[in-house]
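Q: To start, I am sharing the structure in question, which I have written as C-alpha cells.
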Amino acid sequence: DWSSDVCSSDLEVANPSPTGNSVLYVPSKLHKYARIKWPGKQRSLGSIATHLCHVAAGRAAAAVVPYNWQPWDIVTGLVMLKETNATIRTLDGSPLELLSERRPAFAAGTSSAIDLLFSGNNVLHFQ
C-alpha cells in the first residue's frame, strides 16, 4: 500500500529557534502592507502552495499566507504540514476553515518560528 509509505506518522518538522539562516516565505507584496523583523532570510517564490510544501519539507522555518487565499492554493500544503506536526495559526486567532467564506491570513511552520512571529515583539506587524 503506497499510502503507508508516503503518509508515515514518523514525519516531523524540526523545531530549532529561528536564526540568521532561517527562511521565512512571504507573499511577494507583503512589504506593502506589513512589516516583518525576521532574524533570517525572507523569500517569495510566487506560490503559496510551494511555500507551504517547503515548510513541511523542513526547508523553511515558516510561511505567511495572506488573507483571501483559495482552498486549492493551500490544501496540499496543509495536509503535508499536518503530517509533520507543524503549527498553523491565523493572524486574528480565528479557526482556519477551508470551506468558509472568511479566509483569514495565517502562518504555518515550526512552533518556535510561529511563537516568534506572534510574540509581543512586533516581529510580524500589519500596517
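Q: Show the residues, 5+ positions off or on another chain, whose built amide H is closer than 5 Å to the amide H of residue 124.
A: So residue 124 has HN proximity to 37.
Q: Rounded, prolate or oblate: which fits the range 11-88 when a ≥ b ≥ c are the square roots of the eigenvalues of the alpha-carbon gyration tensor, with rounded for a/c under 1.5 and prolate only if a/b beats b/c?
A: oblate
Q: Another one. Which residues' amide hydrogens lie under 5 Å from the amide hydrogen of residue 34, considering only partners 5 or more residues apart or on another chain, with H built in the peptide plane?
A: 127
Q: I'd like the accessible area for residue 102, computed on protein heavy atoms only with a 1.4 Å probe and all protein chains in place. Round to 10 Å², please.
A: Around 120 Å² of this residue is reachable by solvent.
Q: Over all distinct alpha-carbon pairs, what is the Kirkwood Rh of the range 72-125 in angstrom?
A: After inverting the mean inverse Cα-Cα distance, the result is 12.0 Å.
Q: To continue, here is another question. So how much accessible area does residue 50 have, in Å² to the nearest 10, using a 1.4 Å probe?
A: We get 50 Å² for residue 50.
Q: So with the 1.4 Å probe, I'd like the accessible area per residue for the range 47-127, rounded to whole Å².
A: Heavy-atom accessible area per residue stands at 49 Å².
Q: Going by average Cβ density within 10 Å per residue, which order do the peptides 93-99, 68-74 take, highest to lowest?
A: 68-74, 93-99
Q: Less than 12 Å Cβ to Cβ from residue 118, Lys/Arg counted +1 and Asp/Glu -1: what total charge do the surrounding residues give?
A: Taking every Cβ under 12 Å from that of residue 118, the sum is -1.
Q: Can you list residues from other chains, or at least 5 along the same chain, whose modelled amide H is less than 5 Å from the amide H of residue 42?
A: Under 5 Å from the amide H of residue 42 lie the amide H atoms of 24, each far enough along the sequence or on another chain.
Q: Residue by residue, what Karplus-based ³J(HN,Hα) values in Hz, rounded to whole numbers, does the range 92-109 have, using 6.51, -1.76 and 1.60 with θ = phi - 60° and x for Gly and Pro?
A: So the J values, rounded to whole Hz, are 9, x, 7, x, 8, 10, 5, 9, 7, 5, 7, 10, x, 5, 8, 10, 9, x.
Q: Also: Give me the extension gain from residue 118 to residue 17: residue separation times 0.36 nm, minus the current Cα-Cα distance, reported in nm with one decimal.
A: Gain on stretching residue 118 to residue 17: 35.0 nm.
The values are calculated or read from the model by the stated rules, or taken from the named source; none is laboratory data. A quick note: this is a predicted structure, and the numbers were derived from the prediction, not measured. Positions of Cβ are backbone-derived with ideal geometry, glycine not excepted, and every protein chain shown enters the neighbour counts. Remember, those area values only see protein heavy atoms, side chains included, never the ligands or the DNA or RNA. Shrake-Rupley method; radii C 1.70, N 1.55, O 1.52, S 1.80 Å.
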